[in-house]
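The values are calculated or read from the model by the stated rules, or taken from the named source; none is laboratory data. Since this is a predicted model, take the numbers as computed values, not measurements. Using ideal geometry, Cβ is built from the backbone for each residue, glycine included, and neighbour counts are taken over all protein chains shown.
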Amino acid sequence: QAKAAGPNNFQFFAEFMSLSAIKRLNVEVELQHAFDNKELRLFYQPKFDVRRRQMVGSEALLRWQHPQRGLIGPDYFLEVAEQTALIAQIGRWVTREVCRQLKEWQGSDLGNLPVALNISAAEFQLRDVVGDLRDSLHRYQLDPGLLQMEVTETTIASQEDKIGRDLTAIRRLGVKVWIDDFGTGYSSLGYLRRFSVDGVKIDRSFVHEVAHNPADAALCSAIVAMASQLQLDVVAEGVEEREQFNLLLESGCSQAQGFFYARPMSPDVLHKQAGQLLQLSAHGNLQSVLLD
Ligand code: C2E
Ligand code: MG
Ligand code: MG
Ligand code: MG
């Protein structure tokens, strides 16, 4: 077979390896290189209290500043990082970097606003999430109330017992825990009862059609009502249009995040815009204020 395919060993190798495996290998090698070369960055996307027109915090989102290809989002490399042990190194770095950034912001306008970081299921298996949080908080002498963590329902479902214990330990540190992409996993209601969490982020797939699809609007209202009964905070993610924002507000959802308000941005840009973001202007058009 190999001979028939030609004398070239690589060709033989390539023929029997799926294209996706080769792609994964490339990304893995490149990503390790990127990590060692310090090409990973964190961008920060503000969260707003839309009633008070104030920024109330932000979410750290991973980016790869590729020397040739420019800024690359996590959709391109996160899966590979999760399938290999790379996510452990990357996740430890994200935790430390968020704490370092928070320390740097102390004393500035951004100093009192919490930052949320995302943790994927693989990280709970591959690294000591609780220990890393504790170490970074200690290293930078930070108020743990400034740190928040976002995990998806799917992550919780992947290793319920271990993650349940970890979430309890994380909250005991004083770090708030949010359920991300809420509504897209399973047994969401059971999780709210069994796992102690501080808030939920309504998945952007519900927000997307909220102005045109009555079923999605009803779901958003129901999530908001339930969260308020359980005394959980609730944030709508992926708000892109004024109509969505208006409907969410009618449903009683007072916190939102999305391109309508502000995109993820570098810490420099966030710092420069902090004045405007912290107190939005009183006349309606937030977008013109934010995206000028
Ligand atoms: P996520 O945590 O649900 O983050 C929200 C995603 O939606 C982000 O994509 C954000 O840029 C995007 N987004 C925000 N507002 C809007 C909007 O109005 N419209 C649309 N269409 N999109 C919006 P991003 O940055 O590409 O991140 C994708 C996912 O990668 C995140 O989803 C999160 O699960 C994961 N991720 C990002 N950073 C990290 C990290 O440091 N560690 C881990 N483990 N996962 C991360
Ligand atoms: Mg998130
Ligand atoms: Mg999300
Ligand atoms: Mg997501």
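Being more than 15 Å from the chain's Cα centre (by Cα) and part of a helix (DSSP H, G or I) is the filter; apply it to region 94-120 and report the residue that is surrounded by the most Cβ atoms within 10 Å (Cβ to Cβ).
The extreme case among them is Cys99.
Has region 72-87 got at least one residue that is assigned to a loop (DSSP other than H, G, I, E, B), over 17 Å from the mean Cα position of the chain (by Cα) and touching a residue at least 12 places away in the same chain (Cβ under 8 Å)?
Yes: region 72-87 contains one or more residues that are assigned to a loop (DSSP other than H, G, I, E, B), over 17 Å from the mean Cα position of the chain (by Cα) and touching a residue at least 12 places away in the same chain (Cβ under 8 Å).
So is Leu230 closer than 20 Å to Met149 by Cα, among the aliphatic types (A, V, I, L, M) and surrounded by fewer than 19 Cβ atoms within 10 Å (Cβ to Cβ) or not?
yes
Return the only residue of Asp180, Asp203 being modelled with pLDDT of 90 or more and either within 25 Å of Gly131 (Cβ to Cβ) or basic (Lys, Arg) (or both).
Within the list Asp180, Asp203, the selection yields Asp180.
Looking only at region 38-53, decide whether some residue is surrounded by fewer than 19 Cβ atoms within 10 Å (Cβ to Cβ) and among the polar types (S, T, N, Q).
Looking through region 38-53, none of the residues is surrounded by fewer than 19 Cβ atoms within 10 Å (Cβ to Cβ) and among the polar types (S, T, N, Q).
Got a sec? Which of Ile90, Ile119 is within 16 Å of ligand 4 (Cβ to nearest atom) and of a type outside the set (Asp, Glu)?
Only one candidate qualifies: Ile119.
Could you please tell me which pairs satisfy a Cβ distance under 9 Å, a separation of 6+ or placement on different chains, a first residue in region 19-40 that is farther than 17 Å from Gly91 by Cα, and a second residue that is part of a loop (DSSP other than H, G, I, E, B)?
Arg24/Thr84; Leu25/Met17
Go through (1) more than 16 Å from ligand 3 (Cβ to nearest atom); (2) more than 19 Å from Gly174 (Cβ to Cβ); (3) under 18 Å from the mean Cα position of the chain (by Cα); (4) aliphatic (A, V, I, L, M) and name the single condition Leu126 misses.
It fails just one condition, (3).
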